[in-house]
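Here the structure comes first, spelled out in structure tokens, and everything after it is commentary.
The values are calculated or read from the model by the stated rules, or taken from the named source; none is laboratory data. The structure presented is a predicted model; accordingly, all values stated were derived computationally and were not measured. Glycine also receives a Cβ, built like all others from the backbone with ideal geometry; neighbour counts cover every protein chain displayed.
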């Protein structure tokens with residue numbers, strides 16, 4: 001068993017203002033995505049995106065925050081928020097859903113690209129290869145907060161989390177940070193130029209589909225080590241996260257099939 005590192009969730013406090021590690025992870029994730037997308041734009045000309053880059057980033061951030069909050073409300077605690085509707089906007093009290101954020105990004109990005117006449121799937125591929133960095137950093141923030149911890153375990157690296165009782169548990173946040181963050185980033189980043197190389201199996205949009213599939217599979221498997229949400233518990237043998245990941249995998253496979261099919265007709 002490993003001793004949980006006693007890290008203050010508040011990194012810096014000046015008067016009533018608090019900078020939390022979790023908030024810093026969000027900022028670092030957005031910054032990494034911003035810089036890596038700009039890097040890609042320097043490598044390959046994409047004038048439609050370059051002209052709208054700053055405004056698109058703002059639209060994506062807003063869409064992600066709204067989607068993540070509404071996703072949590074609808075997927076994880078609808079009964080509570082139906083009774084307390086004024087708390088839906090209280091994001092500072094906690095409660096954000098990755099799957100809701102992903103839906104928000106997809107819808108917001110699609111709407112903006114359509115409005116500005118920017119190729120959507122090429123734009124999505126450019127951004128999605130950077131997204132695992134933010135996911136990995138976010139899970140590190142969860143670990144520092146001592147939240148979203150794993151199920152009881154007797155493994156040598158299990159941790160007793162404060163507020164989670166006396167049992168040692170899987171550090172599932174670190175599993176997710178490594179696999180959904182680092183591993184998925186290295187995979188997608190190494191494939192970022194495939195849609196430009198003429199492969200029929202890699203049309204624009206295929207990296208977006210691969211992200212759906214890859215994240216869905218990794219999160220589905222890691223969820224077996226993660227404590228289910230207390231207000232939901234297990235749904236049959238699965239968590240709500242696993243059910244949403246199953247839908248995500250199916251959406252990714254369907255999207256890739258449709259993209260490859262369309263690319264085949266164009267050849």
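Say whether the condition of being touching a residue at least 40 places away in the same chain (Cβ under 8 Å), over 18 Å from the mean Cα position of the chain (by Cα) and crowded, with 23+ Cβ neighbours inside 10 Å is met by at least one residue in region 121-131.
No, the conditions are met nowhere in region 121-131.
Do we have any residue at all in region 33-42 that's closer than 24 Å to residue 251 by Cβ, touching a helix residue (DSSP H, G or I) at 6+ places or on another chain (Cβ under 7 Å) and free of Cβ contacts under 8 Å to residues at least 60 places away in the same chain?
The answer is no, given that none of the residues of region 33-42 is closer than 24 Å to residue 251 by Cβ, touching a helix residue (DSSP H, G or I) at 6+ places or on another chain (Cβ under 7 Å) and free of Cβ contacts under 8 Å to residues at least 60 places away in the same chain.
Do we have any residue at all in region 33-49 that's part of a loop (DSSP other than H, G, I, E, B) and within 20 Å of residue 131 (Cα to Cα)?
yes
Of all residues in region 137-191, count the ones that are under 21 Å from residue 35 (Cβ atoms) and touching a residue at least 60 places away in the same chain (Cβ under 8 Å).
7
Which condition does residue 210 not pass, out of (1) in contact with a helix residue (DSSP H, G or I) (Cβ under 6 Å, 6 or more places away or on another chain); (2) surrounded by 21 or more Cβ atoms within 10 Å (Cβ to Cβ); (3) over 18 Å from residue 148 (Cβ atoms), if it passes all the others?
In the conditions (1) in contact with a helix residue (DSSP H, G or I) (Cβ under 6 Å, 6 or more places away or on another chain); (2) surrounded by 21 or more Cβ atoms within 10 Å (Cβ to Cβ); (3) over 18 Å from residue 148 (Cβ atoms), residue 210 misses (1) alone.
Quick one: residue 266 ticks every box in (1) at pLDDT 95 or above; (2) surrounded by fewer than 18 Cβ atoms within 10 Å (Cβ to Cβ); (3) over 30 Å from residue 79 (Cβ atoms) except a single one, so which number is it?
(1)
Please work out which residue is modelled with the highest pLDDT, limiting yourself to region 64-98 and to residues that are outside any helix (DSSP H, G or I) and within 23 Å of residue 233 (Cα to Cα).
97
Which of (1) touching a helix residue (DSSP H, G or I) at 6+ places or on another chain (Cβ under 6 Å); (2) within 21 Å of residue 6 (Cβ to Cβ) is the odd one out, the single condition residue 171 does not satisfy?
Only one criterion is unmet by residue 171, namely (1).
Looking only at region 192-207, which residues are within 22 Å of residue 32 (Cβ to Cβ) and either out of contact with any helix residue (DSSP H, G or I) (no Cβ under 9 Å at 6 or more places or on another chain) or buried (at least 16 other Cβ atoms within 10 Å of the Cβ) (or both)?
Correct list: 192, 194, 195, 207.
If I filter region 65-78 for residues that are out of contact with any strand residue (DSSP E or B) (no Cβ under 7 Å at 6 or more places or on another chain), closer than 25 Å to residue 227 by Cβ and free of Cβ contacts under 8 Å to residues at least 12 places away in the same chain, do I get at least one hit?
Scanning region 65-78, I find at least one residue that is out of contact with any strand residue (DSSP E or B) (no Cβ under 7 Å at 6 or more places or on another chain), closer than 25 Å to residue 227 by Cβ and free of Cβ contacts under 8 Å to residues at least 12 places away in the same chain, so the answer is yes.
Determine whether residue 181 is more than 21 Å from residue 137 (Cβ to Cβ), modelled with pLDDT of 95 or more and surrounded by 21 or more Cβ atoms within 10 Å (Cβ to Cβ).
No: the conditions fail for residue 181.
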